[in-house]
Amino acid sequence: MKTFHLKQADISRAWVVVDASEAPLGRLSTLIATRLTGKYKPTFTPHVDDGDYVIVINAERLVVTGNKETAKVYYRHSGYPGALKERTLKEARALNPAEVITAAVKGMVPKNKLAAERLARLRIFTGTEHTHTAQKPKKLEVK
């Protein structure tokens, strides 16, 4: 039996739609990260990017459990002394709900050369409509 290695010519990408209002942020993020990396496919090869395109709709109706709305904090720093900024999940969601989902998925995608390309295939929309109807994406249920 020989080891299987996926070739660049054999890559096939699907388009899937995920509704952010169906499941909590963590469960949603793991599903998206699995789809972006292609780990659910039997042809998964770690050094080849074989993931799918993922469209997330209803980002403004994102579900979080417990007191994460006020307890979860996002930090950023400019590099200057005393320039640490912090923002709660509630504030981040009010400014840009797509940023919250992107940050969660980015933390779950492997940190390697393929990460930027994988995250570029993530498309997030705040409403129920998206601009990728021509690709005929399949609806993906979050369990």
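The numbers here are math on the coordinates, done by the rules we state, and not lab data. Since the model is a prediction, treat every value here as computed from it, not as a measurement. Using ideal geometry, Cβ is built from the backbone for each residue, glycine included, and neighbour counts are taken over all protein chains shown.
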(request) Name the long-range amide H neighbours of VAL56: under 5 Å, sequence gap of 5 or more, or other chain; modelled H, no Pro or chain starts. (result) VAL18, ARG123, ILE124, PHE125
(request) Enter the angle in degrees (range 0 to 90, nearest 10) between the Cα long axis of helix 25-37 and the first principal axis of the Cα atoms of the chain, meaning the one along which they spread out most. (result) 30
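Extension gain LYS90-GLU69, at 0.36 nm per residue separation less the Cα-Cα distance, in nm? Write down the numbers at each step before the final one.
Numbers: separation 21, 0.36 × 21 = 7.56 nm, distance 0.52 nm.
This chain segment gains 7.0 nm when fully extended.
Between LYS41 and TYR80, what is the FRET efficiency for a Förster distance of 41 Å, r being their Cβ-Cβ separation, to the nearest 0.05?
Details: r = 45 Å, r/R0 = 1.09.
So, using R0 = 41 Å, E works out to roughly 0.35.
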(request) Tabulate in residue order the Karplus-calculated ³J(HN,Hα) for the stretch 91-107, using 6.51 cos²θ - 1.76 cosθ + 1.60 with θ = phi - 60°, rounded to whole Hz; enter x for Gly and Pro. (result) 5, 5, 5, 5, 6, 7, x, 5, 5, 5, 5, 4, 5, 5, 5, 4, x
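Please give the length that would be gained between ALA103 and THR133 if that part of the chain were fully extended, namely 0.36 nm times their separation in residues minus their C-alpha to C-alpha distance (nm, one decimal). Numbers along the way, then the final one.
Numbers: separation 30, 0.36 × 30 = 10.80 nm, distance 2.54 nm.
Taking 0.36 nm per residue and subtracting the Cα distance, the gain is 8.3 nm.
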(message) I need the calculated FRET efficiency for the pair GLU117 and THR30, taking r as the beta carbon distance and R₀ as 22 Å, to the nearest 0.05.
(response) 0.65
(request) Check the straight Cα-Cα distances from LYS139 and name the lysines below 23 Å, setting aside those fewer than 8 residues away within the same chain. (result) LYS39, LYS41, LYS106
(message) Students often forget the sequence filter, so: which aspartates and glutamates lie under 15 Å Cα-Cα from LYS90 once same-chain residues fewer than 8 apart are removed?
(response) GLU60, GLU69, GLU99
(message) Using a Cα-Cα cut-off of under 18 Å, which aspartates and glutamates could be cross-linked to LYS138, ignoring same-chain neighbours fewer than 8 residues away?
(response) ASP19, GLU22, ASP50, ASP52, GLU129
